[in-house]
Structure formats: C-alpha cells, structure tokens
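What follows is a short report on a single structure.
The values are calculated or read from the model by the stated rules, or taken from the named source; none is laboratory data. The shown structure was predicted, so the numbers you read here are calculated from the model rather than taken from an experiment. For neighbour counting, all protein chains shown are included, and Cβ atoms are generated from backbone atoms with ideal geometry for every residue, glycine included. Side chains are part of the model used for accessible areas, which takes the heavy atoms of the whole protein and leaves out ligands, DNA and RNA. Shrake-Rupley method; radii C 1.70, N 1.55, O 1.52, S 1.80 Å.
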Amino acid sequence: MKKKILVAGGAGFLGSHLCDALVQQGHDVICVDNFYTGRAANLAHLERCVEIIEHDVCHPLYVEVDEIYNLACPASRIHYQTDPVQTTKTSLLGALHLLELARKTGAKILQASTSEVYGDPLVHPQPETYWGHVNPIGIRACYDEGKRCAETLFFDYWRQYDVKIAVARIFNTYGPRMHPNDGRVVSNFIVQALQGKPLTIFGDGQQTRSFCFVSDLVQGLILLMENSLEGPINFGNPVEFTMKELAQLILKLTGSKAEICYHPLPQDDPKQRQPDITLAQSLGWEPKISLLEGLKTTIEYFSNELAYV
Ligand code: NAD
Ligand code: UDP
C-alpha cells in the first residue's frame, strides 16, 4: 500500500538513504530538515520524488502523514558538541513535536535512537535490557541524555496516548554520503588516507566499535516500522574492531602510505561497543555487508567526492 511518509533529518547521511529506499518502495516521501549537517545534494537525485520542507524540528509542524521517521539530530561528536544546547533541544523538542504530530494524525513514529544510550558500557555486548552508564553532565551528555529522554517521551506517548511507536538503537553506521568533514572515525580515516595525511587515532587506539553498513541499517529501520514491536531494538553489525585495526585496514584498502598519529582521547569516549542483536535477528534482520566490503564501497565514494574538491 502506498503511504505518505515523513523523514525528519532526511537530508542527512542515513536519512537520505532511507528516503531512497522508501521512494523505491513507491511511497510519497516528505523530508523535513534544517540543513545543519544535511545537504540538499544528498537528495538531488530524488528531486521529483521527495518533497523537501526546510524546518527546524524544535518548532511544531503539521502535515498529514501515515508514518514518521525521526532522524533529525547531528550524530557526529564535533557537530553535536558545537552547540550542545541546540542538540538537547533538537532531541527533546524534536521528539515532542513529532510525537504530537503522530498523535494528531494517527501516524506511526520511529525514533532513531543510539547505542550512546548505553554510554561507556559496563555490560558487553550490550543487550536492550541494559540501562547504560552515561555521565549526565559530561560533554557527550547533550546527545546521550537527549536521546535517552527522547526514548522516555516515546514510551510515555505510547503508554499515555496510545501513539504507535518504534525505537531503534543504532550502532555506528557508515557509508557513502557521509560528509568529508563529518568528523566520525570511518570518514576521517578514509579522507586522511586518500589525502596522504596522518590518520588521527584518539587515545591508544585499543577502544572498539562495531560498524554497520548503511544499506543494512536502512533495511532494519523499515522492517521495524512494519513490525508491531515497540522496541527498543539494537541495529548494528556485531563484529567488533579496535580503532587501530580500522586504521590499518583503511591504509591497506586505499594503498595509502600515510602515517598514523596519536591524539588525546576525548572525555567520556566509550571504551568498547558491540550490539547484542538477538532481538533484531528474531525479526529476520541480519547485517549482510562485511566491514571489508562496506569500506571498499565507501572508499570508492570518497575517492570520487574528493576528486571534485
Ligand atoms: P547526519 O548529521 O548526517 O543527519 C542528521 C540530519 O538531521 C541532518 O540532515 C541535519 O541537518 C538534520 N537536523 C539536525 N538538527 C535538526 C533540526 N533541529 N531540525 C531539523 N533537522 C535537523 O547524521 P546521521 O548519521 O544521518 O544520523 C541520523 C540519525 O540517526 C540521528 O538522529 C542520529 O542520532 C541517529 N544515529 C546515527 C548513527 C550513525 O552511526 N550514523 C548512530 C546512532 C544514531
Ligand atoms: N576516533 C579516532 N579518530 C578520529 C575520530 C574518532 O580515533 O579521527 C575514535 C573516537 O575517539 C572513538 C571512535 O573513534 O573512540 C569512534 O568515534 P566516532 O566519533 O566515529 O563515533 P562514536 O564515538 O560516537 O561511537
């Protein structure tokens, strides 16, 4: 059935891939974005298929829709820490206004939550039942606590007003259309390697992350929207790498002779992270793209992008 679907944050990295997939399924897609980290270029190829509304989700919005995906929020540390008050406002007010919209229209709403709700985890790998270990007053809190409180709002709108919700906890996802200056580790290392600049490892590089390719993640979000489960549910690729291993792999795949240099570890940087995806697997979801395969595609994308800079 053809649906009218709103994607808040649709001009960003994940949002634009989600718009692609929803358009491909034949739906009418409306993208709402304030272009803080998003780019019109990410949706240029969908010009005739997606309606774009420039709007800050910190303000109320009314559009008749059947489904809402809330991805509006800067996801990279350097961007969400530039204006932390705005980050908290985006998470809280954005969730509130979009939940109100869902309540008024009867639309189902999905929240793009994050593995950051687990903070610097004391349980490994992280199942959805783990309540997390977050510093509420640290420099990551605007994002972590903002996302945690957004989850609270989602579950209270579900319990109190019967709003249909789904909460996805997304673990580190990468792929084409990340901004070259995004600041996250995969795009940083690839851009540095391609430009022959030293790869900047923060700390000793022994901290771990588990990286999911964007197409796998988008399939997970759509599957969850179609399912009756409220979640929260982890989506990520459980294969775990140290940042040193990631740097070495990117140097090998790019054939770069760039050096590796070490910088201080930022405050509250989580030491390890790996999703327990048992619940997602019970829905029939499984990441299909290995880090090797996903990195090759992403390196090819950045090689083309940088050729025009
Ligand atoms: P991104 O920065 O590329 O995209 C975020 C989008 O939201 C951008 O287009 C930005 O302009 C828009 N936006 C920001 N503030 C807004 C506001 N106040 N009003 C309207 N639009 C606003 O990041 P991304 O990686 O595509 O992440 C998308 C969502 O997924 C975010 O909510 C993020 O927290 C979540 N997430 C992403 C990852 C990941 O690894 N990519 C991991 C966990 C969670
Ligand atoms: N990181 C790094 N060099 C960089 C960027 C990030 O070593 O140039 C590290 C960062 O300290 C963290 C990991 O890579 O330990 C993942 O960082 P990212 O910002 O991509 O994601 P997050 O910390 O939000 O999971």
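Estimated at 0.36 nm per residue, the fully extended path between Glu230 and Thr200 surpasses their Cα-Cα distance by 6.9 nm.
Take the alpha carbon gyration tensor of the chain, find the square roots of its eigenvalues, order them as a ≥ b ≥ c, and report rounded if a/c is under 1.5; if not, report prolate when a/b exceeds b/c, else oblate. Judged from the Cα gyration tensor, the chain comes out prolate (a/c at least 1.5, a/b above b/c). Straight Cα distances below 23 angstrom link Lys252 to the lysines Lys197, Lys244, Lys288, Lys296, with same-chain residues fewer than 8 positions distant left out. Loop-located GluC sites (Glu not before Pro) across the range 221-291 with a Cβ neighbour count of 12 or fewer within 10 Å are Glu259, with loop assigned by DSSP.
Probing with 1.4 Å while keeping every protein chain in the model, the per residue accessible area of the range 1-138 equals 44 Å². With a cut-off of 14 Å on the backbone N, the residues of the range 61-93 near the modelled label site 7 Å out from Cys149 along Cα-Cβ are 84-93. Geometric descriptor of the range 12-64, per residue, is 76 Å³ (volume of the convex hull of the Cα atoms). Taking Ile137, Ile201, Ile190 as the candidate residues, the one with maximal mean-square fluctuation in a Gaussian network model of the chain, Cα springs under 10 Å, is Ile137. For the chain, with all protein chains in place and a probe radius of 1.4 Å, 53% of the accessible heavy-atom surface sits on carbon or sulfur. Shape of the range 78-146 from its Cα gyration tensor (a ≥ b ≥ c, root eigenvalues): rounded if a/c is under 1.5, otherwise prolate when a/b > b/c, or oblate? In terms of gyration-tensor shape, oblate. Ligands, DNA and RNA are left out, and with a 1.4 angstrom probe the accessible area of the range 171-309 is 45 Å² per residue.
If I take every Cα pair under 8 Å that is 6 or more residues apart in the range 180-239, average their sequence separation and divide by the length, what percent do I get for the relative contact order? All intermediate terms of the calculation are to be shown ahead of the outcome.
Values: 27 pairs, mean separation 16.6, N = 60.
The value is 28 percent.
Dipole check for the chain: with +1 at the C-beta of Lys and Arg, -1 at the C-beta of Asp and Glu, and the Cα centre as origin, the magnitude is about 300 Debye. Legend: residues Phe202, Phe171, sorted from most to least accessible area (1.4 Å probe; ligands, DNA and RNA excluded), read Phe202, Phe171. The trypsin sites (Lys or Arg not before Pro) found in the range 32-133 that occupy coil by DSSP, while having at most 14 further C-beta atoms within 10 Å, are Arg48.
Give the residue list of GluC sites (Glu not before Pro) in the range 1-79 that are DSSP loop and have at most 10 other beta-carbon atoms within 10 angstrom. Before the final figure, lay out each step's value.
Details: sites: Glu47, Glu51, Glu54, Glu64, Glu67; in loops: Glu47, Glu64.
Of the GluC sites (Glu not before Pro), the ones in loops of the range 1-79 whose Cβ has at most 10 other Cβ atoms within 10 Å are Glu47.
Looking at the square roots a ≥ b ≥ c of the eigenvalues of the Cα gyration tensor of the range 1-112, which shape do they give, rounded for a/c under 1.5, prolate if a/b is larger than b/c, or oblate?
In terms of gyration-tensor shape, oblate.
Summarised as an ellipsoid, the range 132-263 has semi-axes of 34, 18, 12 Å, derived from the eigenvalues of the Cα gyration tensor scaled by 5 and square-rooted, with the largest first.
Using R₀ = 35 Å, calculate the FRET efficiency as 1/(1 + (r/R₀)^6) where r is the Cβ-Cβ separation of Gln272 and Asp66; round to 0.05. Before the final figure, lay out the partial values.
Working: r = 39 Å, r/R0 = 1.12.
Calculated transfer efficiency: 0.35.
Keeping all protein chains in place and using 1.4 angstrom, which order do Ser303, Ser228, Ser256 fall into by accessible surface area, from largest down? All intermediate terms of the calculation are to be shown ahead of the outcome.
Working: Ser303 50, Ser228 100, Ser256 25 Å².
Descending accessible area places them as Ser228, Ser303, Ser256.
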